[in-house]
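Student: Handing you this structure, nothing more for now.
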Amino acid sequence: MQTLWQDLRYGARLLRLNPGFAAVAMLSLALGIGANTAIFQLLDAVRLRTLPAKNPQGLAVVRIADRKHSTGRHEGRYSQITNPMWEQIRDHQQGFSSIFAWAATVFNLAVGGEAHYAQGMFVSGNFFKVLEVQPLLGRILMGEDDRRGCGSPGTVISYAFWQREYGGQPDILGRKITLEGHPFPIIGVTPPGFFGVEIGRSYDVAVPICSEPVIRGEESLLDMWHGWWLAAMGRLKPGWTLARATAQLAAISPAALEATVPPVFKPDDVKNYMEYRFGAFPADNGFSSLRREYENPLWTLLAIAGLVLLIACANLANLMLARASAREREIGVRLALGASRLRLLCQMFVESLLLATTGAALGACLAQLLSRFLIAFLSTEGSPLFMDLRPDWRVLGFTAGLAVLTCVLFGLAPALRSTRVAPVSVLKAAGRGMTSGPARFGLRRSLVVIQVALSLVLLVGALLFVRTLRNLLTLDPGFRQNNMVVANLDLTRLNIAKERRQGFKRELLDRIRALPGIDSAADAGIVPISGNSWNDTVFIEGSDNRKAVPWFNRVTPGYFKTLHTPFLAGRDFDDHDTATSLKVAIVNETFVRKFLNGQNAIGVTFRQESYVGRPTPTYQIVGLVKDAKYVDLREEPVPLVYLVAAQDDRPDNFPQFLIRSNVPVPAALPAIKQAVSEASPEIMSEFHTLQSQIRDSLLRERLMATLSGFFGFLAVLLATVGLYGVISYTVARRTNEIGIRVALGAQRGHVISMILREAAVLLAIGLVLGSALALAASRTATSLLFGLKPNDPVTLALAVAALAAVAAAASFLPAHRAARLDPMAALREE
């Protein structure tokens, strides 16, 4: 320990005497280790951590094992089962000591005007019992709270919501909170560490499932047998395994499904439904839509950050080799005085470990900032993310492992090289020392080649992701998104009868259209690029009565004018298309190409398949419009049918107005809000722009482009510094030779070209090796690209040209300095 302490003090003194080297080394390591730790911390939170519950390994999800078909209405992020299914599972399962159902949702807390949302959960009575969560204040929801017809028995809120909305006031119990216009008494607050069962999001308010009809009214899914909105989780009994629980659930599946067949299903739907089988699956990591969307990108980014760290280590190894050159005489003297090679190796390794440990500590601090930046980057106003970023043993172990690994990578080779010198040779040598040997200089060249190769891999990846984002942002979605306001309205509190809803919406639209600065406005059942969708089966009438499954939207007249989607044939909807007139439809190009073989669509009729007991409407196609993106920007054009809203026999209370202004949106928005408020102060509203909605749909692509671009820039910078260092060292090593050449009449251009040739050889080898690695590595990112192939030649050419240009500029500086050497001064140097 005394020797170790001496080595640490000696290493710290050397770093203090070389502040430039120490700063560069620590900054390089801090950036590399910090980036890796930040991304691993997100992976740890998304994939590796378990739920904040006792014995999470005993939890299991109960769902359909292989659901290929799913007919009905789906709502929420985890629409795995219906409520009738849940009741059958709850009453007949045997493998769980306790089981619960839940559904993620949002609740509007406002009582009028603009909406104010909270993240909510519908939970069955055993939710908190299964997770073994004890209340911080009050009590939790129990089985007796979840009884049919319960109304609004009470709600449990999270600790974070209590602090944020109520300032942590101790008299919170018994207060009423308004959820979708209905008052609920607060009966309890959960502890700070409990965020729910969804990774990436934290709940604010939990209410029993039995209160769902009160909150949703006529849109309730509780008794809709084909309404998919719940997920189930339970705690296995002692001695039960997932396999045994799955076998028991599979055994009860036929009877449970028979008892819950939706009466509106047709024979084909019933057949598919009866093929389902329930199973139990691991649930210690909870539910997470974030995991499904971001796990692969995060692994890719971790690999990219790992390459940056390798480049940084190669750069530091080069610096350490250069630094070792200046210490060869010192090491030779120590060896001559009797120091053992092992003792010197230990001392130099401790110096490297000191650097690595300091860099890792700085990197760990930087990782916390980077992690929070990434969470803020991925959060949107309507979908805030929650991550538990407290370091756990996995994150700390990962950071410590990186510190040791980097220490070995950049410190071992220079230490071995430095202590391999012969004392007699060093003591005889003058200033240059022994570092000019071909083997030692070959190592420095090899490190530069590795840096160039890995930098090219990262630069190719960065360009692929940046060009993917550009392709998505510049593609033609089939509509214009600028100056477009999306107004999500809720008319529930107005209690408008169904037969009057379309008239009220039309009057409100007319009021908005009449505002100054408004070009047009329309109502849409599904706003483009919102992630929502609706498909159905139709039968196209004709000689073969073809069956097709297109996607649908229901819109008002002026929809295509508002979005600037061009007509190719036929007409738009108008005020003559009413509930009592001929039912009409407008289709897109893909519908005609896929289902009508490109023939003229105008006048073609089709029947829309309906549930049992409902009429089967027949529509006539009156218009053809250009293809437009529907669910997201990445999708291939889908066959799309537009129906007119006036012919909807079940209008809802949730219009979505698309409003195009001819003035900037901030200038038009106050008048729009006032018009809605004047129509009725009871209307709940939320406003955003279509551009922001589309931008939020590209969060994953923006993350990949931003981080890969940063890492690519950092890698190129490190490789450039490494190449500059090697060429500068080459010039210093060949000072005598260059002086003789100049003295004998060599031109400056010849000297420059001689130095640049050496740089060009290193660069060429690195580029060739890097090109092969880039082509192989880019195939792993195929699913993250759009409009590009992994082996895109333009991207590779751009990366090679950019890296070559930067490297050439870095090499030219020492070459130019060599050409300006004074021959007499060079000849005097030894």
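The values are calculated or read from the model by the stated rules, or taken from the named source; none is laboratory data. None of these values were measured; they are calculated from a predicted model. When we count neighbours, we look across all protein chains shown, and the Cβ atoms used for this are built from the backbone with ideal geometry, even at glycine. Areas reflect the complete protein model, heavy atoms only, side chains present, ligands, DNA and RNA absent. Shrake-Rupley method; radii C 1.70, N 1.55, O 1.52, S 1.80 Å.
Student: Among the numbered criteria (1) open to solvent by 10 Å² or more (accessible area, probe 1.4 Å); (2) more than 24 Å from S520 (Cβ to Cβ), which one does A548 miss?
Tutor: Every condition holds for A548 apart from (1).
Student: In region 622-648, which residues are open to solvent by less than 40 Å² (accessible area, probe 1.4 Å), within 18 Å of F560 (Cα to Cα) and in a loop (DSSP other than H, G, I, E, B)?
Tutor: Hits for region 622-648 are D627, A628, K629, Y630, V631, V638, P639.
Student: Can you name the residue in region 101-112 that is in contact with a Phe, Trp or Tyr (Cβ under 9 Å, 6 or more places away or on another chain) and outside any strand (DSSP E or B) and is also modelled with the highest pLDDT among such residues?
Tutor: As a first pass, look at region 101-112 and keep what is in contact with a Phe, Trp or Tyr (Cβ under 9 Å, 6 or more places away or on another chain): 101-110.
Next, from what is left, pick out any that are outside any strand (DSSP E or B): 109-110.
Details: L109: 93, A110: 90.
The residue in question is L109.
Student: To continue, here is another question. Between S325, S352, which is at pLDDT 80 or above, of a type in the set (S, T, Y) and buried (at least 20 other Cβ atoms within 10 Å of the Cβ)?
Tutor: Working: S325 fails: at pLDDT 80 or above.
Among S325, S352, only S352 is at pLDDT 80 or above, of a type in the set (S, T, Y) and buried (at least 20 other Cβ atoms within 10 Å of the Cβ).
Student: While we're here: Does region 86-100 contain any residue that is at positive phi and not in a helix (DSSP H, G or I)?
Tutor: Let us first name the residues in region 86-100 that are at positive phi, namely none.
Looking through region 86-100, none of the residues is at positive phi and not in a helix (DSSP H, G or I).
Student: Within region 171-187, restricting attention to residues that are in contact with a strand residue (DSSP E or B) (Cβ under 7 Å, 6 or more places away or on another chain) and in a loop (DSSP other than H, G, I, E, B), which residue is surrounded by the most Cβ atoms within 10 Å (Cβ to Cβ)? Let's see the steps before the verdict.
Tutor: Initial filter on region 171-187 (in contact with a strand residue (DSSP E or B) (Cβ under 7 Å, 6 or more places away or on another chain)): 172-177, 179-180, 183-187.
Add one more test, that the residue is in a loop (DSSP other than H, G, I, E, B), and what stays is 173-175, 180.
Details: L173: 15, G174: 10, R175: 13, E180: 21.
Among those that are in contact with a strand residue (DSSP E or B) (Cβ under 7 Å, 6 or more places away or on another chain) and in a loop (DSSP other than H, G, I, E, B), it is E180.
Student: Do you know which residues across region 656-672 are polar (S, T, N, Q) and open to solvent by 70 Å² or more (accessible area, probe 1.4 Å)? Full working, then the answer.
Tutor: Step one: of region 656-672, the residues polar (S, T, N, Q) are 656, 661-662.
Hit for region 656-672 is N662, nothing else.
Student: Name the one entry in T358, T380 that is surrounded by fewer than 20 Cβ atoms within 10 Å (Cβ to Cβ), under 27 Å from G34 (Cβ atoms) and over 27 Å from the mean Cα position of the chain (by Cα). Walk me through it before giving the result.
Tutor: Values: T380 fails: over 27 Å from the mean Cα position of the chain (by Cα).
Result: T358 is the single residue among T358, T380 that is surrounded by fewer than 20 Cβ atoms within 10 Å (Cβ to Cβ), under 27 Å from G34 (Cβ atoms) and over 27 Å from the mean Cα position of the chain (by Cα).
Student: Is there a residue in region 118-136 that is assigned to a loop (DSSP other than H, G, I, E, B), within 18 Å of Y78 (Cβ to Cβ) and at pLDDT 95 or above? If you could, list the steps in order and put the result at the bottom.
Tutor: Restricting attention to region 118-136, the residues satisfying the condition of being assigned to a loop (DSSP other than H, G, I, E, B) are 124-126, 132-136.
From what is left, the residues that are within 18 Å of Y78 (Cβ to Cβ) are 124, 126.
Next cut, at pLDDT 95 or above only: 124.
The answer is yes; a qualifying residue exists.
Student: Being in a loop (DSSP other than H, G, I, E, B) and within 19 Å of E541 (Cα to Cα) is the filter here; which residues of region 561-593 pass it?
Tutor: Initially, region 561-593 is screened for residues in a loop (DSSP other than H, G, I, E, B), giving 564-566, 571-583.
Passing the criteria: L582, K583.
Student: Could you say which residue among L31, L27, L48 is of a type outside the set (D, E), crowded, with 17+ Cβ neighbours inside 10 Å, within 29 Å of the chain's Cα centre (by Cα) and closer than 28 Å to A312 by Cβ? Give the steps one after another, and end with the answer.
Tutor: On the way: L27 fails: crowded, with 17+ Cβ neighbours inside 10 Å; L48 fails: crowded, with 17+ Cβ neighbours inside 10 Å.
Going through L31, L27, L48 in turn, just one is of a type outside the set (D, E), crowded, with 17+ Cβ neighbours inside 10 Å, within 29 Å of the chain's Cα centre (by Cα) and closer than 28 Å to A312 by Cβ: L31.
Student: So which residues in region 587-616 are touching a helix residue (DSSP H, G or I) at 6+ places or on another chain (Cβ under 8 Å) and either under 27 Å from R73 (Cα atoms) or open to solvent by 60 Å² or more (accessible area, probe 1.4 Å) (or both)?
Tutor: Going through region 587-616, the residues touching a helix residue (DSSP H, G or I) at 6+ places or on another chain (Cβ under 8 Å) turn out to be 598-599, 601.
Result: Q599, single match.
Student: Does G138 meet the test of being surrounded by 14 or more Cβ atoms within 10 Å (Cβ to Cβ) and touching a Lys or Arg at 6+ places or on another chain (Cβ under 6 Å)?
Tutor: Against the criterion (surrounded by 14 or more Cβ atoms within 10 Å (Cβ to Cβ) and touching a Lys or Arg at 6+ places or on another chain (Cβ under 6 Å)), G138 does not qualify.
Student: Sticking with this structure for a sec: So for region 365-374 (the condition being assigned to a helix (DSSP H, G or I), crowded, with 19+ Cβ neighbours inside 10 Å, at pLDDT 85 or above and among the small types (G, A, S)), does at least one residue qualify?
Tutor: yes
Student: Condition first: closer than 29 Å to S383 by Cβ, outside any helix (DSSP H, G or I), touching a residue at least 40 places away in the same chain (Cβ under 8 Å) and not aliphatic (A, V, I, L, M). Can you find one or more residues in region 57-64 that meet it? Talk me through it step by step, then tell me what you get.
Tutor: Start the filter on region 57-64 by keeping residues that are closer than 29 Å to S383 by Cβ, which leaves 59-64.
When the remaining residues are screened for being outside any helix (DSSP H, G or I), the result is 59-64.
Then keep just the ones that are touching a residue at least 40 places away in the same chain (Cβ under 8 Å); that gives 59-64.
Imposing the further condition that a residue be not aliphatic (A, V, I, L, M) reduces the set to 63.
Checked against the condition, which is being closer than 29 Å to S383 by Cβ, outside any helix (DSSP H, G or I), touching a residue at least 40 places away in the same chain (Cβ under 8 Å) and not aliphatic (A, V, I, L, M), region 57-64 yields at least one hit.
Student: Let me spell it out: the conditions are (1) at pLDDT 95 or above; (2) of a type outside the set (K, R); (3) within 37 Å of the chain's Cα centre (by Cα), and A259 meets all of them except one. Which number is the exception?
Tutor: (3)
Student: Okay, moving on. So which residues in region 337-364 are aliphatic (A, V, I, L, M) and not in a helix (DSSP H, G or I)? I'd like the intermediate steps shown before the answer.
Tutor: Residues of region 337-364 aliphatic (A, V, I, L, M): 337, 339, 342, 344-345, 348, 350, 353-356, 360-362, 364.
Answer for region 337-364, where residues must be aliphatic (A, V, I, L, M) and not in a helix (DSSP H, G or I): L337, A339.
Student: Okay, next question. Give V207, V214 a once-over and let me know the one that is over 25 Å from A280 (Cα atoms), in a strand (DSSP E or B) and among the hydrophobic types (A, V, I, L, M, F, W, C).
Tutor: Of V207, V214, the one residue that is over 25 Å from A280 (Cα atoms), in a strand (DSSP E or B) and among the hydrophobic types (A, V, I, L, M, F, W, C) is V207.
Student: Turning to a different aspect of this structure: How many residues are within 18 Å of L489 (Cα to Cα) and open to solvent by 50 Å² or more (accessible area, probe 1.4 Å) when one looks only at region 504-530?
Tutor: 5
Student: Do you know which of the residues in region 543-560 that are in contact with a strand residue (DSSP E or B) (Cβ under 9 Å, 6 or more places away or on another chain) and in a loop (DSSP other than H, G, I, E, B) is farthest from G478 (Cα to Cα)?
Tutor: Initial filter on region 543-560 (in contact with a strand residue (DSSP E or B) (Cβ under 9 Å, 6 or more places away or on another chain)): 545-560.
Still in the running and in a loop (DSSP other than H, G, I, E, B): 545, 549-550, 556-558.
Numbers: N545: 30, V549: 21, P550: 18, T556: 18, P557: 18, G558: 15 Å.
Per the stated criteria, the residue is N545.
Student: Among the numbered criteria (1) within 22 Å of L473 (Cα to Cα); (2) open to solvent by 60 Å² or more (accessible area, probe 1.4 Å), which single criterion is violated by A705?
Tutor: The number of the failed condition is (2).
Student: Let me ask something else about it. For region 378-398, give me the residue count where each residue is at pLDDT below 85 and either farther than 22 Å from Q41 by Cα or in a helix (DSSP H, G or I) (or both).
Tutor: As a first pass, look at region 378-398 and keep what is at pLDDT below 85: 378-396.
With the extra rule that they be either farther than 22 Å from Q41 by Cα or in a helix (DSSP H, G or I) (or both), the set shrinks to 378, 381-382, 393-396.
Residues flagged as at pLDDT below 85 and either farther than 22 Å from Q41 by Cα or in a helix (DSSP H, G or I) (or both) within region 378-398 amount to 7.
Student: Just give me the residues in region 16-58 being at pLDDT 85 or above and among the polar types (S, T, N, Q), in sequence order.
Tutor: N36, T37, Q41, N55, Q57 - these are the residues of region 16-58 that are at pLDDT 85 or above and among the polar types (S, T, N, Q).
Student: For region 161-220, give me the residue count where each residue is of a type in the set (D, E) and under 15 Å from I140 (Cα atoms).
Tutor: Initially, region 161-220 is screened for residues of a type in the set (D, E), giving 165, 171, 180, 198, 204, 212, 218-219.
Those left that are additionally under 15 Å from I140 (Cα atoms): 204.
Here the count works out to 1.
Student: Right, next: Among the listed residues I672, I659, which satisfies the condition of being β-branched (V, I, T) and not in a strand (DSSP E or B)? Spell out the reasoning first.
Tutor: Details: I659 fails: not in a strand (DSSP E or B).
Going through I672, I659 in turn, the sole match is I672.
Student: Is it the case, given these coordinates, that L15 is surrounded by 17 or more Cβ atoms within 10 Å (Cβ to Cβ) and farther than 30 Å from T300 by Cα? First the steps, then the outcome.
Tutor: Details: surrounded by 17 or more Cβ atoms within 10 Å (Cβ to Cβ): yes; farther than 30 Å from T300 by Cα: yes.
Yes: the conditions hold for L15.
Student: Suppose we filter region 594-621 for residues that are touching a residue at least 40 places away in the same chain (Cβ under 8 Å), more than 30 Å from V270 (Cα to Cα) and not in a strand (DSSP E or B); how many remain?
Tutor: Of the residues in region 594-621, 1 are touching a residue at least 40 places away in the same chain (Cβ under 8 Å), more than 30 Å from V270 (Cα to Cα) and not in a strand (DSSP E or B).
Student: Does G168 satisfy the condition of being part of a loop (DSSP other than H, G, I, E, B), closer than 27 Å to S379 by Cβ, of a type outside the set (S, T, Y) and open to solvent by less than 30 Å² (accessible area, probe 1.4 Å)? Quick ask: steps written out before the conclusion?
Tutor: Numbers: part of a loop (DSSP other than H, G, I, E, B): yes; closer than 27 Å to S379 by Cβ: yes; of a type outside the set (S, T, Y): yes; open to solvent by less than 30 Å² (accessible area, probe 1.4 Å): yes.
In short, yes.
Student: Restricting region 258-289 to residues that are touching a residue at least 60 places away in the same chain (Cβ under 8 Å) and part of a helix (DSSP H, G or I), which is nearest to R614 (Cα to Cα)?
Tutor: Step by step, filter region 258-289, then rank; the result is D269.
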